[in-house]
Structure formats: structure tokens, C-alpha cells
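First comes the structure, then the notes that go with it.
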Amino acid sequence: RFFSASMIRRALAMAPFAGQGRGAYAQLSYSGEELEAISNYFPAEVLKDKAATRQAFLARQEACQILHLSTHAFGYAPGQVPHIIFYDSMLTIADIYKLSIPAELVVLSACQTQTGELASGEGVLGLGRAFIYAGTGSVIASLWNLNDRFTSQLIGDFYQQLAAHQTKAEALRQAKLSFLDNADIPSFQKSPYYWAGLTYYGDNEPLMEAGNSWWKNTWLALVVLVVFGGWYTWRRRRRS
């Protein structure tokens, strides 16, 4: 996959209901922790509450390697198409099919993002599938309603593993194992309901550039440029 220089290592993280709920949509108290987690490991633009609008997503998504949406979403039901909720409006599965979304990874930290109508010869038409169709390299999506608190914990461990240059699928697996090994979590809350709903789809490769190691490459390039400039100046003076 090809990414422009402005796209590499940039993340867009959005949480429309981190601070408070709105109308029929409850507050997601732990959404802020997810955004903090991704910011700890990757240069990220974080948009919360009123800033996390549909238009903000559409305006920024093509310039980002990672898209993280911590919000409410709904799968297929009679009279309802799968959709993702932003602060001001929604993004439906039909909307996503019309977009170009070249992100390397999309994390849909929301309920029912991989549920949908079972179409003959097509399979399940969920939101995750729509992102793949739109050009996304890989997706993390959910098979049922997620628990806000424990999902944020899984997400934090996932990004830590991803920043350590694990493959994306392995990073999610390690996050789930860490969850099960956590002695601070009661055994009854280690039911698959709390951790197995998030599933990975896509290539099994690490990110093109992992974590905050981006600055090392930047400094290396600057050092090479300075050394080359010094050598070139020395050669010109020697000739003259």
C-alpha cells in the first residue's frame, strides 16, 4: 500500500460521547481512555464530544494511517441499516461504500460493527466489511455489544503491542491474553463476552512505521542531510 508523507504514522481518534451522552445515546465514560492510549503510542489528532462530528471525520480520514472510532454503532435490524454515530449525525453503511478510505487500520470500538444482513453469495454485510470495500487495509470490528470499561482496557493493550511492532492480528491476540492474565479482573468478568467480541480482519503485518519511532527516522534523515551537505561544501572548497 502507498501512503503520502503526510499520512504516515498519523492517527485520527474520535469519541463523540466521552464527556456526556446526548439524546438516546449514553455517555461512554471510558472512551477518553482509549483516545489517551492511542496518543501515548502514536502521533494522533484527538476529537472528543462536539468536535467529533461526521464532517470532521470526512475531512480528515484520507490523511490518516489509523482511524479509531470510539462511539455508538448499530448493526442490521428490520427497518434499520448499520450505522456509526457521530456527535451531530450518523454515517451509514451505504455512505461508507461511497467513500475512499485508504487508512492502513480502522478500529471500530463500538457495538455491532461487524454484524449485518446475511446476503446470499456475499456473507455478512457489516460496517467492517464496508470499510474494507472503501480501501481500508485492515479493520477491528465487533460481533456484539461491547462493555465500555473492559473494551478500553483491551484497546490500550492493543496499541501498546502495535507500537512494539507486533503484527496487527497478533497485537489484538496479545491484548486479549493480557486481559485474561490480569489478576485485578475478577474471574466472572473474564467471560468471552467481555473480550472476544472484538475481531480482526485484514493482512497480518505490523504497521508500516510502528509507534513513536517515527522521530528516529526523522533525525536520521537530518543527520544524513547535514553530513552530505558538509561533505559537498568541503569538496567545493577543495576544488577552488
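The values are calculated or read from the model by the stated rules, or taken from the named source; none is laboratory data. Owing to the predicted nature of the structure, the values given are computational and were not obtained by experimental measurement. Using ideal geometry, Cβ is built from the backbone for each residue, glycine included, and neighbour counts are taken over all protein chains shown. These area figures cover heavy atoms from the full protein model, side chains too; ligands, DNA and RNA do not enter into them. Shrake-Rupley method; radii C 1.70, N 1.55, O 1.52, S 1.80 Å.
Quick notes on this one:
- One residue alone among Ala18, Ala51, Ala13, Ala77 is at pLDDT 95 or above, small (Gly, Ala, Ser) and farther than 17 Å from Ile155 by Cα, and that residue is Ala51.
- Among the residues of region 113-139, those that are without any contact (Cβ under 8 Å) to a residue 40 or more places away in the chain, in contact with a strand residue (DSSP E or B) (Cβ under 6 Å, 6 or more places away or on another chain) and open to solvent by 10 Å² or more (accessible area, probe 1.4 Å) comprise Leu118, Ala119, Val124.
- Taking region 143-200 and the helices (runs of 4 or more DSSP H) fully enclosed by it, the elements with 2 or more residues that are more than 19 Å from the chain's Cα centre (by Cα) and within 26 Å of Leu118 (Cβ to Cβ) are at 192-195.
- Failed condition for Pro192, given (1) modelled with pLDDT of 95 or more; (2) open to solvent by less than 50 Å² (accessible area, probe 1.4 Å); (3) more than 17 Å from Ile66 (Cβ to Cβ): (2)
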